[in-house]
Amino acid sequence: MRAISSLLSILKLGFFILLFGFGLCLAKIANKARLPGIRIRKKSLQTGILFYHHPVCKREVILVGTTHIGETPYFAQLKQIIDQFTKQGYKILFEGVGKPTEEETSKFTPPEQEIWRMLESMLKILHVLASMLKLEYQGKDWSKIGWINTDIPIYELVTKLADYPSKNLVRSVSDTKLWKEIEEGKHQALLTWLLNIILSNIVGISIVVRYIFRFKSSLPEHIIVDERNVIALQSIESYGIDSNVVSIWGAEHLRGLARGLTQRGYQHRKTLWLEAYTARSFGIRKLWKSFMEEMEEAEETDRQ
């Protein structure tokens, strides 16, 4: 009975995502699809590498848009391309707020602690989804390979966010009993199958992209996006005095960064697109086998 109840809960969750997400998709995905750093083509989610040139100072700036989770070949290809720029003498800049130290965490006020728990929950959700879909998480310490972190420190970001009321959508999901069971490894086959069904077509991919933006929009956009874009552009100007620059940011930042470069006289030359995720199938037989095994384990637990 416990397994059947969990199955119904997951199906209700999936049905809600499909209906509500489809409405959001029809109303707003067209606007998000016009982001210069992200697009959907032939059942794949793609991110862009934008090439800019300044006709006066002759500097080159490469904006690299990324997703936080993606297929392993996607991150391998990104690393290979960026390594080529490193060999050409480009400075490699990247976003990454990091994690607070124990000392910084102890200084958080109650509102700041709530913000940090929400951000931490978002990271956990991304890690679980990446694991279920056999994707890689962009959580490597790029500073160890000589790249330069030009983002706002996490402690400063949390203190800024705490000054604004936020809808804690992420915590409301991660605090549910169902999600805690998923983190423990339960319902993995069913949820993986459901996610693959949702992501198996362009509408489903559009819905997920929209939901990612919706989660982020529960926080003040002028801090999460705009203020960090200002820091990114200042860093590009600073490091670009004596060097060409590669700046790596989440794809949702590229609209503001591209606008900022254009205002500074840079001209867009071309865009290179990489596939971050391609829709795949997940067999119903494998799902049924995994579900039956989970039911047997649940019944055995109840007998004990």
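The values are calculated or read from the model by the stated rules, or taken from the named source; none is laboratory data. Because the structure is predicted, anything quoted here is derived from the model rather than measured. Here the Cβ positions follow ideal geometry from the backbone for every residue, glycine too, while neighbour counts run over all protein chains shown.
Odds and ends about this structure:
- Test: residue in the stretch 143-154 that is assigned to a loop (DSSP other than H, G, I, E, B), buried (at least 16 other Cβ atoms within 10 Å of the Cβ) and among the polar types (S, T, N, Q): yes
- Taking the stretch 229-253 as the range and being in contact (Cβ under 8 Å) with a residue 60 or more places away in the chain and assigned to a loop (DSSP other than H, G, I, E, B) as the test, the residues that pass are Gly240, Ser243, Asn244.
- Any hit, the stretch 209-224, residues being assigned to a helix (DSSP H, G or I), modelled with pLDDT under 70 and among the aliphatic types (A, V, I, L, M): yes
- Selected residue (only one of Gly256, Gly204 is under 30 Å from Met118 (Cβ atoms), assigned to a helix (DSSP H, G or I), in contact with a helix residue (DSSP H, G or I) (Cβ under 6 Å, 6 or more places away or on another chain) and at pLDDT 90 or above): Gly256
- Matching entry among Ile236, Ile248 (being under 20 Å from Ile69 (Cα atoms), surrounded by 22 or more Cβ atoms within 10 Å (Cβ to Cβ) and modelled with pLDDT of 90 or more): Ile248
- Only a single criterion out of (1) surrounded by 18 or more Cβ atoms within 10 Å (Cβ to Cβ); (2) under 29 Å from Gly37 (Cα atoms); (3) at pLDDT 65 or above is not satisfied by Phe108, namely (2).
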